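The values are calculated or read from the model by the stated rules, or taken from the named source; none is laboratory data. Just so we're clear, the structure is a prediction, and the values are computed from it rather than from any experiment. Please note: Cβ atoms are built from the backbone with ideal geometry, for glycine as well, and neighbour counts cover all protein chains shown. The protein model used for the area step is the full one, side chains on, heavy atoms only, and it has no ligands, DNA or RNA in it. Shrake-Rupley method; radii C 1.70, N 1.55, O 1.52, S 1.80 Å.
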Amino acid sequence: QAKYPDRKLFTVDTLCASLGQGLLVWYAARQRDRGMSIEEVRDWIEDHKQNLCHQFTVDDLHFLKRGGRISAATAMVGSMLHIKPVLHVDDEGHLINVAKARGRKASLTALVDKVGELAEDPASQTMFISNSDCLEDAQFVADEIKTRYGVKEIIINSIGPVIGAHTGPGCVALFFMGKHR
C-alpha cells in the first residue's frame, strides 16, 4: 500500500472453483474493457456470481471415494454398473450430485443438456470447458454445444493438479452463465 497508495484492491468470494473462477475473471476483464470502474466490476461480479454454472462429470468414481465425496460401497457398485455422476457447484460453493448417467457418453451428453436447461442466451456466450487428460471428450461436449445451441466460442483448458487429484483423469467440467447455478 505504501509503494502504490492510489491502487485499489477488492476481494470477492466467487463461490467458484477451477475454470469457473476463470470464467468470472474473463467476464470481469470484458467489463473493464467496456469502461467499468474497478468498483463497478466488483459489483458486477457480486451480482452475477450466482449465475455461473459449473457442471461436471468424472469417469472414475474411486477418486471421489478417496476424496471422501462418496462411500467405498457407492464407488464399487457405481463402477460395476458404469454409473457416471453429473455434479455441480451449488449456491454455497459445495459440490452436489445432480444426476447419474449410465455410461460415459450419457454423462457427457447430460452436460450438454444442462446448457439447454440453465443457460441464458447460450449463442451469445463464451463458455469454458476444462478436462483432466480427456481432450477428446471435452471436444465432444464443445462440438455438441455448438451444434445444439449455436455457441460460437468455447475455450478448452486442462484441469490443474489440485482439482485433478480430487476428480482423477477423465473429468470434464463445463462453465457458462445461466438463470441460476
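Numerical summary
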quantity	calculated
Some residue of the range 79-97 being of a type in the set (K, R), part of a strand (DSSP E or B) and exposed (fewer than 14 other Cβ atoms within 10 Å of the Cβ)	no
The range 5-26: number of residues that are surrounded by 17 or more Cβ atoms within 10 Å (Cβ to Cβ) and free of Cβ contacts under 8 Å to residues at least 24 places away in the same chain	1
Tabulated pairs, the range 153-179, first among the charged types (D, E, K, R), second assigned to a loop (DSSP other than H, G, I, E, B), C-beta under 9 angstrom, 6+ apart or interchain	E153/Q125; K179/E120
Residue in the range 59-66 that is under 21 Å from the mean Cα position of the chain (by Cα) and loosely packed, with under 13 Cβ neighbours inside 10 Å present	no
Candidate set: the range 135-147, residues that are over 18 Å from L23 (Cβ atoms) and charged (D, E, K, R); chosen: the one least open to solvent (accessible area, probe 1.4 Å)	D137
Selection status of A2, without any contact (Cβ under 8 Å) to a residue 24 or more places away in the chain and open to solvent by 40 Å² or more (accessible area, probe 1.4 Å)	yes
Any hit, the range 150-159, residues being more than 19 Å from Y27 (Cα to Cα), among the polar types (S, T, N, Q), open to solvent by 70 Å² or more (accessible area, probe 1.4 Å) and out of contact with any Cys (no Cβ under 8 Å at 6 or more places or on another chain)	yes
Candidate set: the range 1-41, residues that are part of a helix (DSSP H, G or I) and of a type in the set (K, R); chosen: the one nearest to I155 (Cα to Cα)	R30
Any hit, the range 87-100, residues being among the small types (G, A, S) and over 14 Å from the mean Cα position of the chain (by Cα)	yes
Failed item in (1) hydrophobic (A, V, I, L, M, F, W, C); (2) modelled with pLDDT of 95 or more; (3) over 29 Å from D133 (Cβ atoms), with C53 passing the rest	(3)
Any hit, the range 113-134, residues being assigned to a helix (DSSP H, G or I), free of Cβ contacts under 8 Å to residues at least 40 places away in the same chain, open to solvent by less than 60 Å² (accessible area, probe 1.4 Å) and hydroxyl-bearing (S, T, Y)	no
